[in-house]
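The values are calculated or read from the model by the stated rules, or taken from the named source; none is laboratory data. Predicted model, so just to flag it, every value in this text is computed and none were measured. Cβ placement follows ideal geometry from the backbone for every residue including glycine, while neighbour counts extend to all protein chains displayed. To get the accessible areas, we keep the full protein, side chains included, count just its heavy atoms, and leave off ligands, DNA and RNA. Shrake-Rupley method; radii C 1.70, N 1.55, O 1.52, S 1.80 Å.
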Amino acid sequence: VATSDLTVTTRDADDYFSGLDWSRAYGYDNATNKFVGLLPDTADTVTVTKGYWVFLNKAGTLVP
């Protein structure tokens, strides 16, 4: 579900990557200096303004 609410800082990863056949994503946590893995069908979230590497099972288009 797309939102234009600028107060939203995190989104469910499955919601954000909807329409994509994704298998895993990684983001970088500056506080711990480590990569954080995200998996589909979990409670994992993405943070607005951060970048992610997303591994896809097939080509797709991300519409944030």
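What to note about this one:
- The test for being of a type in the set (Asp, Glu) and within 25 Å of Thr7 (Cα to Cα) does not hold for Asp21.
- In the stretch 1-39, residue modelled with the highest pLDDT [restricted to those that are closer than 18 Å to Gly60 by Cα and surrounded by fewer than 11 Cβ atoms within 10 Å (Cβ to Cβ)]: Gly19
- If the condition is being open to solvent by 60 Å² or more (accessible area, probe 1.4 Å), in contact with a strand residue (DSSP E or B) (Cβ under 8 Å, 6 or more places away or on another chain) and not aromatic (Phe, Trp, Tyr), then the stretch 40-64 contributes Ala43, Thr45, Val48, Lys50, Leu56, Asn57, Leu62.
- Cross-chain or 6+ apart pairs with Cβ under 6 Å, the stretch 40-53 first and more than 13 Å from Tyr16 (Cβ to Cβ) and at pLDDT 95 or above, then in a loop (DSSP other than H, G, I, E, B) and β-branched (Val, Ile, Thr): none
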